[in-house]
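Here the structure comes first, spelled out in structure tokens, and everything after it is commentary.
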């Protein structure tokens, strides 16, 4: 427990990370957010369209790699349509 109460639950992180992916100007922040979502403890179906958008719109190799890894993990969890 922190000074202001308990730390946010992991279920609250995906929307914050998605917002960083979609709106942050820093490629490093965006890469880290995609990587964190790709390996999130509890897969979240809201993330699949974000990964697909990264693959459709971004040319950064590392960003695309993390999105591909995330989609593969989500497919294994049954949350993404197989390509």
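Residue separation times 0.36 nm, minus the C-alpha to C-alpha distance between residue 28 and residue 68: what's the value?
Additional length available on full extension: 12.7 nm.
Take the Cβ-Cβ distance between residue 76 and residue 16 as r, set R0 to 30 Å, and report the resulting FRET efficiency rounded to the nearest 0.05.
Computed FRET efficiency for residue 76 and residue 16 comes out at 0.80.
Let me check against my output: what whole-number percent is the relative contact order of region 10-75, with C-alpha pairs under 8 Å and at least 6 apart?
Reported as a whole number, the value is 33 percent.
How much length, in nm to one decimal, is gained on full extension between residue 58 and residue 42, taken as 0.36 nm per residue of separation minus their Cα-Cα distance?
Net length gain for the segment: 3.3 nm.
Given axes a ≥ b ≥ c from the Cα gyration tensor, I'd like to know whether region 10-75 is rounded (a/c under 1.5), prolate (a/b larger than b/c) or oblate.
oblate
All of the numbers you see were taken from the coordinates with simple rules; none came from a lab. All of these numbers come straight from a predicted model, not from anything done at the bench. For neighbour counting, all protein chains shown are included, and Cβ atoms are generated from backbone atoms with ideal geometry for every residue, glycine included.
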